[in-house]
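Beneath this line is the structure, given in structure tokens, with notes to follow.
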Amino acid sequence: MIEPSPVVETRRLALRAPRPQDVSRLASLANDPDIARMTLRMPHPYSIDDAETFVLGVAGQDPARAATFLIEHEDHGPVGVIGLFEDSDPAPEVGYWIGRPFWGRGYATEALQGSLVWAAKRWKRRALVAGHFTDNPASGRVLEKAGFLYTGEVRRGFSKARSDEAQTRRMVWLA
Ligand SMILES: CC(C)(COP(=O)(O)OP(=O)(O)OC[C@H]1O[C@@H](n2cnc3c(N)ncnc32)[C@H](O)[C@@H]1OP(=O)(O)O)[C@@H](O)C(=O)NCCC(=O)NCCS
């Protein structure tokens, strides 16, 4: 099924497929150690090549197993990324980042809420999981505001940018 782009619109944001024209903006926002170290997979430094690989990777995703959106603000343009993907858990996992100039304005929460509506209505998923490192309470707050609950499980995760493992607090959301 070919989805229209943007796939999701919220009050201030559109979630849409990233395009080749987004590469330089994505690289400049993502090249931030305080973003990469809060994720499992983002490298640091984050180069133009990394952003190109990301955009190509999203274009090649199996839409039954993954959906990754660029988060575009109506005035500021691209501000971050949110992705849902099947991993080894029983429900798809959600992950996201927002560029530092745009932190603290509610964009992560708004994008997450929009993607939850999409996941339930269009992707027909009844549950999603997420995790945040124990030293990242801001992300825990975003997930709580969007309706995720702590499962009580704390799991070790390997962060590429940290080159180390860190404790991840696991959360779940039910549609
Ligand atoms: C975490 C992140 C996505 C938040 O994005 P954002 O757009 O600033 O988030 P929002 O504005 O929607 O909400 C942030 C919430 O965290 C709270 N917060 C911020 N710093 C905090 C801290 N140190 N401790 C506790 N809460 C904190 C804010 O007060 C806000 O909650 P509130 O509305 O109740 O006041 C962003 O900082 C980011 O991309 N960080 C790096 C990558 C990352 O962590 N990704 C998630 C991996 S699990």
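Return the residue satisfying two criteria in turn: it lies in the stretch 20-47 and is in contact with a Leu (Cβ under 9 Å, 6 or more places away or on another chain) and without any contact (Cβ under 8 Å) to a residue 40 or more places away in the chain, and of such residues it is farthest from Phe158 (Cα to Cα).
Among those residues, the one meeting the criterion is Pro20.
Looking only at residues in the stretch 134-143 that are small (Gly, Ala, Ser) and open to solvent by less than 20 Å² (accessible area, probe 1.4 Å), which one is nearest to the ligand (Cβ to nearest atom)?
Filtering the stretch 134-143 for residues small (Gly, Ala, Ser) gives 138-140.
Checking which are open to solvent by less than 20 Å² (accessible area, probe 1.4 Å) leaves us with 139-140.
Values: Ser139: 4, Gly140: 7 Å.
This residue is Ser139.
I want to confirm something. Restricting to the stretch 98-133 and keeping residues that are open to solvent by 30 Å² or more (accessible area, probe 1.4 Å) and not in a loop (DSSP other than H, G, I, E, B), which single residue is farthest from His44 (Cα to Cα)?
Lys121
Return a yes/no flag: does the stretch 52-73 have any residue that is more than 15 Å from Gln113 (Cα to Cα) and of a type in the set (Ser, Thr, Tyr).
yes
Has the stretch 147-169 got at least one residue that is open to solvent by 40 Å² or more (accessible area, probe 1.4 Å), part of a helix (DSSP H, G or I) and either within 21 Å of Glu72 (Cα to Cα) or β-branched (Val, Ile, Thr) (or both)?
Scanning the stretch 147-169, I find no residue that is open to solvent by 40 Å² or more (accessible area, probe 1.4 Å), part of a helix (DSSP H, G or I) and either within 21 Å of Glu72 (Cα to Cα) or β-branched (Val, Ile, Thr) (or both), so the answer is no.
In the stretch 98-110, how many are over 13 Å from Glu74 (Cβ atoms) and more than 6 Å from the ligand (Cβ to nearest atom)?
Step one: list which residues in the stretch 98-110 are over 13 Å from Glu74 (Cβ atoms), which gives 98-101, 103-104, 106, 108-109.
Filter once more, keeping what is more than 6 Å from the ligand (Cβ to nearest atom): 99-101.
The number of residues fulfilling the criteria is 3.
Given the conditions (1) in a loop (DSSP other than H, G, I, E, B); (2) open to solvent by 50 Å² or more (accessible area, probe 1.4 Å), report the number of the one that Asp89 does not fulfil.
Evaluating Asp89 over (1) in a loop (DSSP other than H, G, I, E, B); (2) open to solvent by 50 Å² or more (accessible area, probe 1.4 Å) leaves (2) as the failure.
Do we find that Ala146 is touching a Ser or Thr at 6+ places or on another chain (Cβ under 9 Å), closer than 17 Å to Met38 by Cα and either at pLDDT 95 or above or within 7 Å of the ligand (Cβ to nearest atom) (or both) in this structure?
Values: touching a Ser or Thr at 6+ places or on another chain (Cβ under 9 Å): yes; closer than 17 Å to Met38 by Cα: no; either at pLDDT 95 or above or within 7 Å of the ligand (Cβ to nearest atom) (or both): yes.
When the stated conditions are applied, Ala146 does not pass them.
Residue-by-condition table, conditions (1) open to solvent by 50 Å² or more (accessible area, probe 1.4 Å); (2) closer than 19 Å to Gly131 by Cβ:
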site	(1), (2)
Asp22	no, no
Asn31	yes, no
Arg37	yes, yes
Pro63	yes, no
Val94	no, yes
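The values are calculated or read from the model by the stated rules, or taken from the named source; none is laboratory data. All of these numbers come straight from a predicted model, not from anything done at the bench. Ideal geometry is used to build each Cβ from the backbone, glycine not excepted, and the neighbour counts take in all protein chains shown. For the accessible areas, the whole protein counts, side chains as well, though only heavy atoms, and no ligand, DNA or RNA atoms are used. Shrake-Rupley method; radii C 1.70, N 1.55, O 1.52, S 1.80 Å.
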